[in-house]
Amino acid sequence: MSTTMTPPSSPSPTSSPAGAVAANPPAPTWSKGLEGIIAAETKMSFIDGAKGILEYVGIPIDDLARNSSFEETVYLLWNGRLPKRAELEAFTQELRGNYELPAGFVDRIQTCPKAAAPMHMLRTMVSSLSMYDANPDANDIPTARKKALAILGQTPAIIAAFDRHRRGLPFVAPRKDLSFAANFLYMLNGKEPTEAVTRAFDVCMILHADHGLNNSTFTARVIISTLSDMYSAITGAIGSLRGPLHGGANEEVMEMLNEIEQLAKSQNKAPMDIIEPFIMDRLARRNEGARIMGFGHRVYKTIDPRATFLKTFSKQIATDTGNLKLYEMSSRIEDIMKREVGAKGIYPNVDFYSATTYHSIGLKLDLFTPMFAMSRISGWAGHVLEQLDGNRLFRPTTKYVGPHDAPYVPMDKR
Ligand code: CMC
């Protein structure tokens, strides 16, 4: 809820030495968590949280998920329109030209502790890329755009190289004849993925590409608004995304499903039989901060349209792979949540069914959030480019709630 605060002392117009009158600054408003505050303009994605609509440049997300590719979606987000055939071909080739890591970079990844969390590794390595760029600070739009494409193209190799390193496997070099999605899975597993798996993964990349002024995108825009640099903005955004209230929730969903399975095993019961008491217990502890991960959203008060798509999708993959257990558990959780808190506007968000989808594709749990990051770099970079075009420094204010005119008490009297 936004509230307008009266400034402590109403500032009167101040006269500059030259006699010009400075305008009053706008009256500050306060909204905890910045809820309902418009802080930037964008042409990339539109969200109607009440109706459950998400569009990229006006195109419903469902149409893109069904018909587009990740490469085409990135072109759309960065150019404000769908590409013609030749334009998409040129853009795809440019992206593939960036698959390779700088010389010596794989060695750098292989010095990372094998026990490191992939998101910490990713944040550190994306930041390190700046040191291999002869001109990391250039912020003119054409150069910033090249940096965006380079970071987007190189991130799959960073994640795959690290995962193989921790498994004691050699690095697999990228293949420029493969799409973004297929190349990543190829570098990760050392073999080409099937068409069905590639398509599933490509769709996940499309669905995660952009989403208004979410926390990590805001972080990226805040950082670039100081005219810092593309690497710093993307690095900061990765740090934001990993939190469990944001992109880290997809890993938490999987951990919750694992926890239910373990608990059922310890009680000699089927997981489906303990879901109801498990969820009811968590809901009962809501005031202590307990959450059902993958549910709720600051903007959506109905089902997140990405979750609707991923639900159908994860059911399809689960059916194809003959492993419907996790899908059925998720579906049961959704039913209970709808019954208990649907009226409060708490519905599945993108992370809920993406967890089971990634699991069905064969990805390890701690790679789920890096997958989100790998796609969202396109959104972050697009917002950085929008911010640079007509930038104004982000500098909100605080509502001071501490004391005034406090005495400075000498050390021996405290
Ligand atoms: N489980 C149980 N209760 C919930 C949940 C949940 N997942 N989400 C919200 N609530 C309740 C909350 O307890 C509160 O109830 P009350 O009014 O009785 O105090 C009410 O709903 C409002 O919650 P809030 O925390 O004030 O809402 P918010 O807008 O600040 O938070 C959220 C949004 C996403 C952080 C929150 O819904 C949440 O913690 N969800 C679980 C984590 C999650 O799935 N995050 C992924 C978000 S979507 C993908 C992304 O952007 O990364």
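The values are calculated or read from the model by the stated rules, or taken from the named source; none is laboratory data. Keep in mind the model is a prediction, meaning the values are calculated, not measured. Don't worry about glycine lacking a Cβ; one is built from the backbone with ideal geometry, like all the others, and counts go over all protein chains shown.
Quick notes
- Yes/no for residue 247 being surrounded by 24 or more Cβ atoms within 10 Å (Cβ to Cβ) and not in a helix (DSSP H, G or I): yes
- Restricting segment 24-53 to residues that are assigned to a strand (DSSP E or B) and polar (S, T, N, Q), the residue that is nearest to the chain's Cα centre (by Cα): 45
- Across segment 337-353, the qualifying residues are those that are outside any helix (DSSP H, G or I) and near the ligand (Cβ under 9 Å from one of its atoms), and the one among them that is surrounded by the most Cβ atoms within 10 Å (Cβ to Cβ) is 348.
- Condition check for residue 202: of a type in the set (Asp, Glu), within 16 Å of the ligand (Cβ to nearest atom) and in the same structural domain as residue 381 (by TED's automatic domain parsing): no
- Test result for residue 314, at pLDDT below 95, among the hydroxyl-bearing types (Ser, Thr, Tyr) and not in a loop (DSSP other than H, G, I, E, B): yes
- Flag for residue 217 being closer than 27 Å to residue 179 by Cα and either touching a His at 6+ places or on another chain (Cβ under 9 Å) or within 14 Å of the ligand (Cβ to nearest atom) (or both): yes
A quick yes/no check of all residues on (1) β-branched (Val, Ile, Thr); (2) under 14 Å from the mean Cα position of the chain (by Cα); (3) over 23 Å from residue 354 (Cβ atoms):
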{"residue": "225", "(1), (2), (3)": "no, no, yes"}
{"residue": "269", "(1), (2), (3)": "no, no, yes"}
{"residue": "272", "(1), (2), (3)": "no, no, no"}
{"residue": "277", "(1), (2), (3)": "no, no, yes"}
{"residue": "283", "(1), (2), (3)": "no, no, no"}
{"residue": "286", "(1), (2), (3)": "no, no, yes"}
{"residue": "289", "(1), (2), (3)": "no, no, yes"}
{"residue": "294", "(1), (2), (3)": "no, yes, no"}
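- When residues of segment 303-335 are limited to those that are surrounded by fewer than 17 Cβ atoms within 10 Å (Cβ to Cβ) and in contact (Cβ under 8 Å) with a residue 60 or more places away in the chain, the one nearest to the ligand (Cβ to nearest atom): 332
- For residue 27, the conditions (1) within 16 Å of the ligand (Cβ to nearest atom); (2) modelled with pLDDT under 95; (3) not hydroxyl-bearing (Ser, Thr, Tyr) are fulfilled apart from (1).
Listed here are the residues, each with its yes/no results for (1) among the hydrophobic types (A, V, I, L, M, F, W, C); (2) touching a residue at least 40 places away in the same chain (Cβ under 8 Å); (3) within 16 Å of the ligand (Cβ to nearest atom); (4) farther than 20 Å from residue 215 by Cβ.
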| position | (1), (2), (3), (4) |
| --- | --- |
| 370 | no, yes, yes, no |
| 374 | yes, yes, yes, no |
| 381 | yes, yes, no, no |
| 386 | no, yes, no, no |
| 394 | yes, yes, no, no |
| 404 | no, no, no, yes |
| 408 | no, no, no, yes |
| 411 | yes, no, no, yes |
| 414 | no, no, no, yes |
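- Within segment 284-303, not a single residue is of a type outside the set (D, E, K, R), part of a helix (DSSP H, G or I) and closer than 17 Å to residue 253 by Cα.
- Candidate set: segment 84-141, residues that are within 21 Å of residue 178 (Cα to Cα) and of a type in the set (Phe, Trp, Tyr); chosen: the one nearest to the chain's Cα centre (by Cα): 99
- Scan of segment 250-302 for residues that are more than 12 Å from the ligand (Cβ to nearest atom) and touching a Gly at 6+ places or on another chain (Cβ under 7 Å), ordered by number: 302
- Which numbered condition residue 94 misses (of (1) crowded, with 17+ Cβ neighbours inside 10 Å; (2) charged (D, E, K, R); (3) touching a residue at least 40 places away in the same chain (Cβ under 8 Å)): (1)
- Filter result for the condition that a residue is among the small types (Gly, Ala, Ser), at pLDDT 95 or above, away from the ligand (no atom under 12 Å from the Cβ) and assigned to a loop (DSSP other than H, G, I, E, B), over 232, 228: 228
- Yes/no for residue 169 being over 18 Å from residue 374 (Cα atoms) and not in a helix (DSSP H, G or I): yes
- Odd one out for residue 360, checked against (1) crowded, with 22+ Cβ neighbours inside 10 Å; (2) away from the ligand (no atom under 14 Å from the Cβ); (3) among the polar types (S, T, N, Q); (4) over 21 Å from residue 209 (Cα atoms): (4)
- Of all residues in segment 354-369, those satisfying the criterion of being assigned to a helix (DSSP H, G or I) and at pLDDT 95 or above are 365, 366, 367, 368, 369.
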